[in-house]
Amino acid sequence: MKKIVITGGAGFIGSHIADALIEKGYEVHVVDNLSAGKKENVNSKAILHVADIRNGMEMLKIFEGAEYVFHEAAFPRVQYSIENPVETHDINVNGTLNVLEAARLSGAKKVIFASSCAVYGNPTKLPVDETGEISPMSPYAVHKWMGEKYCRMYSDLYGLKTVCLRYFNVYGPRMDPEGAYPMAIGNFIKMRKIGKPLPITGDGTQTRDFVNVKDVVKANLLALESDKIEKGEVVNIGSGVKTSVNRLAELIGGPVERISARHEPHDVQSDVSLAEKLLSWKASVVIEEGLAELKKENSIA
């Protein structure tokens, strides 16, 4: 079996990627310091290494013999990065550099990097494609942009094949209601379960591009298999559909409360034509279907 390493493999997205790869017969090694990831998320057939990506020597040992690397590990909380820019830079930038260097030195064939639509900031033109202006609004967004640049550099300088997938707002089973990926969805599900009003920031007209984790996993597997993207190319992974926070609250149901607006983009929508062209990928799970599954999983009528 081919060895694959998934950093952050005990987390929300990484654990789903691990499940899919194990189903395909790969030998999956999960690297996670369990600061946010959970042991119960790790597939019983995966090999768990409780380790921190900031430890370059440890990464090199774990990566030995690996053919492919999925780099999902990060500290993804935007507000925390604003309050703690040095700590989160160490994790998200230095950690990414360690992963790329370990992959290079161990002879890995390709690294698939989890980037973020946060690099676009508040797009002036929607839907935004990969040529859109880079205008980060937080240290976290800068970290992801730097990670993309490092991936491209490692491909150009060292011949390491890399791909950067710019995730939009990923949601689905196992998402952390306290984390950045689920945003309003995770929090709304949590509040609904405990019988409290759904907190809507500002007037709720702000929109996001929510993409189901099942579709994100498919994109990652296609990026692994494709020979069309291997030089640090950046590809949007979103649904291509805008959904307002008010609409989310309506779909999840229950009373709402208005809270203060926060420092964030007002509207986000992806142009996924490049993903269709290079990966033959397009999101298939619509938001109504995805939320219905989440509500059922959480026993919400």
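The values are calculated or read from the model by the stated rules, or taken from the named source; none is laboratory data. Just so you know, these numbers come straight off a predicted model, no measurement behind them. All Cβ positions, glycine included, derive from the backbone under ideal geometry; neighbour counts span all protein chains shown. Side chains included, ligands, DNA and RNA excluded: accessible areas come from the protein's heavy atoms. Shrake-Rupley method; radii C 1.70, N 1.55, O 1.52, S 1.80 Å.
Observations, loosely collected:
- Taken about its Cα centre, the chain carries a charge dipole of about 340 debye when Lys and Arg each add +1 at the Cβ and Asp and Glu each add -1 at the Cβ.
- 3J(HN,Hα) along region 140-152, derived from phi through the Karplus expression 6.51 cos²θ - 1.76 cosθ + 1.60 where θ = phi - 60°, amounts to 4, 5, 4, 4, 5, 5, 5, x, 4, 5, 5, 4, 4 Hz, with x in place of Gly and Pro.
- Comparing mean-square fluctuations of Lys190, Lys125, Lys149 from a GNM of the chain with C-alpha springs under 10 Å, the top value falls on Lys125.
- Between Ser284 and Glu225, the FRET efficiency estimated from the beta carbon spacing at R0 = 22 angstrom works out to 0.75.
- Residue separation of Lys190 and Thr205 scaled by 0.36 nm, minus their Cα-Cα distance, works out to 3.3 nm of gained length.
- Among the listed values (1) 30, 21, 18; (2) 27, 25, 20; (3) 40, 20, 19, the one matching semi-axes √(5λ) of the Cα gyration tensor in Å as calculated from this structure is (1).
- Each label was represented as a point 7 Å from its Cα along the Cα-to-Cβ direction; for Asn55 and His266 these points are 4.7 nm apart.
- Hypothetical label at Lys277: residues of region 200-239 whose amide nitrogen lies under 15 Å (7 Å Cα-Cβ projection): 228-230, 233-237
- Region 1-103, relative contact order in percent, only Cα pairs under 8 angstrom and at least six apart counted: 30 percent
- Checking the cross-link pairs Lys45/Lys161; Lys110/Lys218; Lys228/Lys277; Lys214/Lys295; Lys109/Lys228 against a 19 Å limit on the alpha carbon distance flags Lys45/Lys161 as lying beyond it.
- Among the GluC sites (Glu not before Pro) in region 104-170, those located in a DSSP loop and surrounded by at most 14 other Cβ atoms within 10 Å of their own Cβ are Glu133.
- Structural descriptor for the chain: relative contact order 17 percent, calculated from alpha carbon pairs under 8 angstrom and at least 6 residues apart.
- Reach of Lys196 by Cα under 12 Å, taken over aspartates and glutamates that are not fewer than 8 positions away in the same chain: Glu257
- Selected from Leu165, Pro85, Ile185, residue furthest toward positive end of dipole (region 81-186; charges at beta carbon): Leu165
- Summarising the label geometry, the points placed 7 Å from Cα in the beta-carbon direction at Glu133 and Lys2 lie 4.1 nm from one another.
- Thr7 accessible area, assembled protein chains, probe 1.4 Å, Å²: 0 Å²
- Between region 232-301 and region 137-158, the alpha-carbon centres lie 25 Å apart.
- Expressed to the nearest 5 percent, the antiparallel share of DSSP beta bridges inside the chain is 5 percent.
- In this simple spin-label approximation, Asn298 and Lys149 carry label points 7 Å from Cα along the Cα→Cβ vector, and these lie 3.8 nm apart.
- Average Cα contact separation per residue, region 149-233, under 8 Å, 6 or more apart, as relative contact order %: 44 percent
- Averaged per residue, region 65-205 has 40 square angstrom of accessible surface, using a 1.4 angstrom probe with ligands and nucleic acids left out.
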